[in-house]
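Shown next, in structure tokens, is the structure this report addresses.
The values are calculated or read from the model by the stated rules, or taken from the named source; none is laboratory data. A quick note: this is a predicted structure, and the numbers were derived from the prediction, not measured. Cβ atoms come from the backbone with ideal geometry, glycine included; neighbour counts cover every protein chain shown.
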Amino acid sequence: MWLRANCPLLGQRAPSSLRGIRSPPRDDPLVPAENHKPAPNYQFHWFDIKAPYGRIDGHLGSIEAGSFRFPFREDEFDTCLASSVFTHMPLSEVNHYLGELHRVVRHGGKVFLSIFCSRKAPYSRDGNYCHSRETFIATVEQRGFLWDKKGPEVYGEEHNWYLLTRPHRH
């Protein structure tokens, strides 16, 4: 997950820094080791968060995602990108992370995220979670975000993109 002070994808100036939350890098022959070394103005916070891939890759993690508190102040970021994060979480963890995002994203800030949606009943398979679109949207709204669907609606294990906005204070 990437958190920025601003984001050119959303019409903002280029970021002077970028901060991220990641699980520890795994030995993956498809991802060279140099890809785990970000540029000097990028700062990653590595946490041993439990993930559904633990049963696949043997890395079980020690921190429950459903109770993990992001290590950032309230209202610290303008923008967050969560690509292929919620696609690997049950709805209870999605709900918790949306709450954390609402806490750390400023009023008027944006969250750009992807999620898998099921055409019928929600399901999980091989570490991927497909959620009910209606339940996901209700969770987004319950957490206080406005939302806008970006791109076509797809079902199954294909990314659906949403742009969430934390409303300005009245």
I'd like the residue in the range 62-109 that is charged (D, E, K, R) and over 27 Å from LYS150 (Cβ atoms) and, out of all such residues, is modelled with the lowest pLDDT.
GLU64
Restricting to the range 36-61, count the residues that are more than 16 Å from the chain's Cα centre (by Cα), among the hydrophobic types (A, V, I, L, M, F, W, C) and either surrounded by 13 or more Cβ atoms within 10 Å (Cβ to Cβ) or modelled with pLDDT of 70 or more (or both).
1
If GLU158 satisfies every condition in (1) under 24 Å from PHE77 (Cβ atoms); (2) at pLDDT below 95 but one, which is the exception?
(1)
Just to be sure before I move on: is GLU158 under 27 Å from PHE44 (Cβ atoms) and acidic (Asp, Glu) in the structure I sent?
no
Residue list for the range 129-170, restricted to those being assigned to a strand (DSSP E or B), free of Cβ contacts under 8 Å to residues at least 40 places away in the same chain and of a type in the set (A, V, I, L, M, F, W, C)
CYS130, LEU146, TRP147
